[in-house]
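This report refers to the structure that appears directly beneath it.
A short reminder: the numbers here are calculations on the coordinates, not readings from a lab. As the structure is a prediction and not an experimental result, all values here were calculated from the model. Please note: Cβ atoms are built from the backbone with ideal geometry, for glycine as well, and neighbour counts cover all protein chains shown.
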Amino acid sequence: MNVSHHPHDDLLMSHAAGALSESWSLAVATHLSFCPKCRASVQLAETLGGVLLAEIPDQELSPDMLEKVFENIESESPETTTPGQFSTVGEYDTKKSIIPPVLSQYVNHDVDNIPWKYIGPGVYQHMLDLSDEGGIARLLRIKAGKPIPDHGHRGREVTMVLSGCYSDQISSFNAGDMQDVDEEIIHKPIVGEEEECICLVVTDAPLIFQNWLPKVFQPIMKI
Ligand SMILES: [Zn+2]
């Protein structure tokens, strides 16, 4: 699978350190299901973290520390690594289900059996049931050619594409891609004409809609 958009390094490293809350860690783990490049980065970070904890617990950061760590890695077994909240997962077969195994513990693997809720023309959502105060996770299902309602963000938002594609003024995003944006960005994503788009979206605060109508519905729909 050709993945071109990845989580920012801080998310990957925090995931490797087990420092992300459930929803954010779930988004990163979902991306890792698609992306060998990020899997390698996280595995390296986990190994580094494990070696640091195991070998030099009280030592202050020093210029030669990284070199020392790499030397130690060569002799370390994988058991010494510190996994993220969701351990690094391998590639999965997207032909069987668009829901990766790491997500299927939260939602039905058959997307037609997920209890989607209508939130606007061509747009359906399903909130994931997480007890996570650090983020809100939802699945969005948007019909082909339909826009996702205009929104800015209070805080950060990641959108992980599971199937289909969308584009905004920044780029195009296909299955496996993760868009990682902060509150500076107001984007207008539109789903490709070919097929519907299903994505996992994690935000750290309610979205701010620009139009009055969605704004009115925001508290009701918990968008
Ligand atoms: Zn990646």
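Using the Cβ of Ala17 as centre and a radius below 14 Å, the other residues enclosed give a net charge of -3, where K and R count +1 and D and E count -1. Karplus-based coupling profile of the stretch 9-15, in residue order and whole Hz: 4, 4, 5, 4, 5, 5, 4, with θ = phi - 60° in 6.51 cos²θ - 1.76 cosθ + 1.60 and x standing for Gly or Pro.
How much length, in nm to one decimal, is gained on full extension between Glu194 and His109, taken as 0.36 nm per residue of separation minus their Cα-Cα distance? All intermediate terms of the calculation are to be shown ahead of the outcome.
Details: separation 85, 0.36 × 85 = 30.60 nm, distance 2.24 nm.
Full extension from Glu194 to His109 adds 28.4 nm.
Scanning residues 5 or more positions from Glu196 or on other chains, those with amide H under 5 Å from its amide H are Ala144, with H placed 1.01 Å from N in the peptide plane. With K and R counted +1 and D and E -1, the other residues having a Cβ less than 12 Å from that of Gly134 yield a net charge of -3.
Quick one: Glu193, Glu157, fewest Cβ neighbours within 10 Å first, how do they rank?
Working: Glu193 9, Glu157 24.
So the ranking, lowest neighbour count to highest, is Glu193, Glu157.
In order along the stretch 29-45, the Karplus-derived 3J(HN,Hα) couplings, from 6.51 cos²θ - 1.76 cosθ + 1.60 at θ = phi - 60°, round to 4, 5, 4, 4, 4, 9, 10, x, 5, 6, 4, 5, 4, 5, 4, 5, 5 Hz, and Gly and Pro are given as x.
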